[in-house]
Amino acid sequence: MTAYDWLQKALTTVHKANWYRSVKLMDGPGPTVVLNGREVLNFASNDYLGLASDPLLAEAAIAAIHTYGTGSTGSRLLSGHRLIHEQLERAIATWKQAEAAIVYSSGYLANIGTITALVNKRDLILADTYNHASLKNGARLSGATIHEFSHANVVDLQTLLETHRSHYRRCLLVTDSVFSMDGDLCPLPELIALAEQYDCMLLIDEAHGTGVLGATGAGCVEHFGCREAELIQMGTLSKALGSLGGYVAGSASLIDYLRNRSTSWIYTTGLSPADTAAALAAVEVIREGDELRSQLWQRVTQLKQALTIQLATEDEHQTMQLLPSESPILCVQMPTPAAVLTASQQLLDQGIFAPAIRPPTVPTSRIRISVMATHQPEQIDHLSKALGKIAQRS
Ligand SMILES: *Cc1c(COP(=O)(O)O)cnc(C)c1O
């Protein structure tokens, strides 16, 4: 017997519950990848604009390595702050129409570090129940009292505010902008109105909105025309921006405060020069033209229309349902975890990788599809026909 024997037992329990997960080896970020030795269409990437394999980003990263080295070699406050960090933070702030921005080593760390810096045990957090794990864990770590409102439900949120708000010092409303496992958007204008009415801060996580939504790709805040509101706009450099890292944009005092109080920024090494430069190049590419973004939305529209037709004609028993989405994340809901696992395998047999997402990650089982600007129209067509065939058999 050793002190570590419990690990194997715990893993056995995970296996028995059918919750065991393991990594899959893929050869790259593109719309087609080699998975288990076989080329498949990749409908599981967060690289919405295909920038992770863009030569411009690669060149910027290589140039930054030559100028600044491979590592930042210290925390930002001690010795790891470079000009390129400043340039990226300025570019993000301008893009987001915020006074200032701060970059973290990941989106996860940005959420943890921001929430724990802003609220503590005298405060209240009201959060959408579908929020990303990093928001949930940040909330728990902060020590604040947490109440979740039902998904995108502002009536429920208002009831919670009426009941609880007056008993706490500060209140932080927290929401994803694009919900990552559904593809729908948060009701931002209503959330802003409630935040103002009840004297709350509002943190919006634009992980899946940045680069994708809004006239200049600045995200859900721009999409809804809410750029005047004082917000805490968080996002990641790791999805549409094709790099690695996270950011927070907001008022100059917010960012200054985070630099002084956010421990997941203070006590960690500055973002690597290569990641910083790639993200900066991505922001420039996105701000300079909307070609990639409009191509992305063309593909999304194509898939939505094709799927609607396929499911209407092939799915006699209406067992498969396209969930409401206003983003490149499209989900086809199915009745059981077993059905969705079978469907995902049938897709794979036809050379398509689109993962099955099951409870407890989500309340209902679904195939989750994420569209990229670099998918070809024929590839979108292949996916919708393959799903139609699955619907026919179910
Ligand atoms: C991916 C994601 C994050 C975490 O970002 P990373 O940069 O990958 O750590 C945070 N929030 C949401 C909603 C996400 O989808």
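Every number in this text was worked out from the coordinates using simple rules, so none of it is lab data. The structure displayed is predicted, hence computed values, not measured ones. Cβ sites come from the backbone with ideal geometry, for glycine too, and all protein chains shown count toward neighbours.
Nothing charged except the Cβ atoms of Lys and Arg (+1) and of Asp and Glu (-1): what's the magnitude of the dipole of the stretch 41-180 about its Cα centre? Round to the nearest 20 debye. If you can, show how the numbers build up before the last one.
Working: 11 positive and 12 negative charges, 126 e Å.
Rounded to the nearest 20 debye, it is 600 debye.
Report, as a whole number in µm² per second, the diffusion coefficient that Stokes-Einstein gives for the stretch 173-279 at 10 °C and 1.306 mPa s using the Kirkwood radius over alpha carbon pairs.
On the way: Rh = 14.7 Å.
Stokes-Einstein gives a translational diffusion coefficient of 108 µm²/s.
If you average the sequence gap of Cα pairs under 8 Å that are 6 or more apart and divide by the length of the stretch 1-153, what percent do you get for the contact order?
Values: 127 pairs, mean separation 16.8, N = 153.
Result for the stretch 1-153 is 11 percent.
Lysines near Lys9 by alpha-carbon distance under 18 Å, same-chain residues fewer than 8 away left out - which ones?
Candidates past the 8-residue exclusion: nothing left.
How high is the FRET efficiency from Asp27 to Ala193, r the C-beta distance, R0 45 Å, rounded to 0.05?
On the way: r = 47 Å, r/R0 = 1.05.
With a Förster radius of 45 Å, E is 0.40.
Would you work out the charge dipole size for the stretch 137-180 about its Cα centre, treating the Cβ of every Lys and Arg as +1 and the Cβ of every Asp and Glu as -1, and quote it to the nearest 20 debye? Write out the running numbers ahead of the final one.
On the way: 4 positive and 4 negative charges, 55 e Å.
For this selection, approximately 260 debye.
Take each complete run of DSSP H in the chain, measure how far its Cα atoms stretch along the helix's own axis, and keep only those covering 27 Å or more with mean Kyte-Doolittle hydropathy at least -0.5; list them.
Working: long enough: 291-314 (34 Å, -0.41).
Membrane-span-like by this criterion, though nothing is claimed about a membrane: 291-314.
Bin by bin, in steps of 20 Å, what percent of the Cα pairs in the chain do you find, going until the bin that has the longest distance?
The distribution over the chain is 26, 56, 18, 0, given as percents.
Lone cysteines in the chain, defined as no other cysteine's Cβ under 4.7 Å from theirs: which are they?
Taking the Cβ cut-off of 4.7 Å, the unpaired cysteines of the chain are Cys186, Cys220, Cys226, Cys331.
How about Lys121: which aspartates and glutamates have a C-alpha closer than 15 Å to its C-alpha, ignoring those fewer than 8 places off in the same chain?
The qualifying aspartates and glutamates are none; the list is empty.
List the GluC sites (Glu not before Pro) within the stretch 175-246 that DSSP assigns to loop and that have no more than 11 neighbouring Cβ atoms inside 10 Å.
Numbers: sites: Glu190, Glu196, Glu206, Glu222, Glu228, Glu230; in loops: Glu206, Glu228, Glu230.
Sites meeting the loop and neighbour criteria: Glu228.
As a test of the definition: which semi-axes, in Å, follow for the stretch 133-181 when you take the square root of five times each eigenvalue of its alpha carbon gyration tensor? Largest first, please.
On the way: eigenvalues 71, 51, 11 Å².
With the √(5λ) rule applied to the stretch 133-181, the semi-axes are 19, 16, 7 Å.
Cross-link partners among aspartates and glutamates for Lys389, C-alpha distance below 18 Å, same-chain residues fewer than 8 apart left out?
Leaving aside aspartates and glutamates fewer than 8 places away in the same chain, those within reach of Lys389 are Glu314, Asp315, Glu316, Asp349, Glu378, Asp381.
Please name which of Ile286, Ala338, Leu323 has its Cα lying farthest along the dipole of the stretch 205-359 towards the positive end, using unit charges on Cβ (Lys, Arg +1; Asp, Glu -1) and the Cα centre as origin.
Ala338
Just report the Cα centroid separation between the stretch 41-111 and the stretch 330-385, whole Å.
Here the answer is 31 Å between Cα centres.
Let me spell out the model: positive unit charges on the Cβ of Lys and Arg, negative unit charges on the Cβ of Asp and Glu, origin at the Cα centre of the chain. What dipole size does that give, in debye rounded to 20?
Values: 30 positive and 38 negative charges, 252 e Å.
Computed charge dipole of the chain: roughly 1220 debye.
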